[in-house]
1. Once the Cα atoms of helix 111-120 and of the chain are each reduced to a long axis, what angle between those two axes, in degrees from 0 to 90 to the nearest 10, is obtained?
2. So I have (i) 63, 42, 30; (ii) 56, 44, 34; (iii) 46, 45, 41, and one of them is Cα extents along the principal axes in Å calculated from this model. Which one is it?
3. Can you give the angle from 0 to 90° between the axis of helix 52-69 and the longest principal axis of the chain, with both taken from C-alpha atoms, to the nearest 10?
4. Over segment 120-275, what is the relative contact order in whole percent, taking alpha-carbon pairs under 8 Å and six or more residues apart?
5. How far is helix 262-273 tilted off the main Cα axis of the chain, in degrees rounded to 10, range 0 to 90?
6. How many nm separate the modelled label positions at residue 133 and residue 54, each set 7 Å beyond the Cα in the direction of the Cβ?
7. By how many nm would the segment from residue 197 to residue 64 grow when fully extended, if each residue of separation counts as 0.36 nm and the alpha-carbon distance is taken off?
8. With contacts defined as alpha carbon pairs under 8 Å and 6 or more residues apart, what's the relative contact order of the chain in percent?
């Protein structure tokens with residue numbers, strides 16, 4: 001069922017609004033409502049938002065939690081900053097794949113008000129002022145002209161939530177049709193899966209062995225590919241295997257008829273992912 005994405009500055013009232021929505025939909029629909037957010041994952045906000053890699057991992061964890069819960073029976077509320085336009089687009093693509101509607105609830109406040117509310121929190125729940133200021137500066141406000149930010153409900157501090165309008169947007173609107181990038185495609189053949197597994201494993205072993213005698217910056221030749229792997233740093237086998245699993249998952253959804261291109265495609269994927 002539908003996904004409700006909360007959005008706004010730190011300490012802008014998102015969790016309060018999410019709780020209102022949860023109570024409303026549990027009462028009026030009888031459906032189970034799941035809230036996914038930083039608190040549920042036990043994230044230390046100052047630690048996470050001070051480190052770009054930790055923040056990226058946190059966003060990935062939130063998205064994965066949403067993906068696990070979105071189905072035909074439940075309502076999911078994502079209670080987080082969701083301040084990056086590209087991330088909101090990823091969530092939109094997720095709903096297209098699940099073939100379920102979504103909407104965005106934007107808690108609009110001034111930076112001054114949100115900062116004051118942050119200072120009024122208990123010390124353990126506060127953002128440090130440096131982190132708070134950085135998040136406000138990086139915030140990419142939603143725009144209803146973007147399909148991934150629409151339908152958009154902008155709510156001021158003293159506004160009453162437009163519950164009826166939000167409900168109509170979620171339950172009386174058709175889900176966005178899946179496109180090729182979000183629709184699972186049938187696997188082309190058993191041979192394709194065999195070649196995919198074998199070629200990607202051969203590429204990994206070639207990279208792993210070549211690193212024993214190469215230095216960062218060298219271009220590594222791998223079996224079956226005309227393109228070369230460009231390594232700017234040392235890469236361990238665990239990271240290579242993770243990238244291989246990701247590439248295989250993507251390739252199963254978008255199988256190619258030309259299995260001779262698998263190695264080149266994997267090399268291109270590695271070059272993009274490792275930089």
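1. Relative to the chain, helix 111-120 is tipped by roughly 80 degrees.
2. Looking at Cα extents along the principal axes in Å for this model, the match is (i).
3. The angle comes out at about 80 degrees.
4. 22 percent
5. 50 degrees
6. 2.0 nm
7. 45.4 nm
8. 20 percent
Every read-out reported here was derived from the displayed coordinates using simple, explicitly stated rules and does not represent laboratory data. Remember, it's a predicted structure, so these values are computed and weren't measured experimentally. Please note: Cβ atoms are built from the backbone with ideal geometry, for glycine as well, and neighbour counts cover all protein chains shown.
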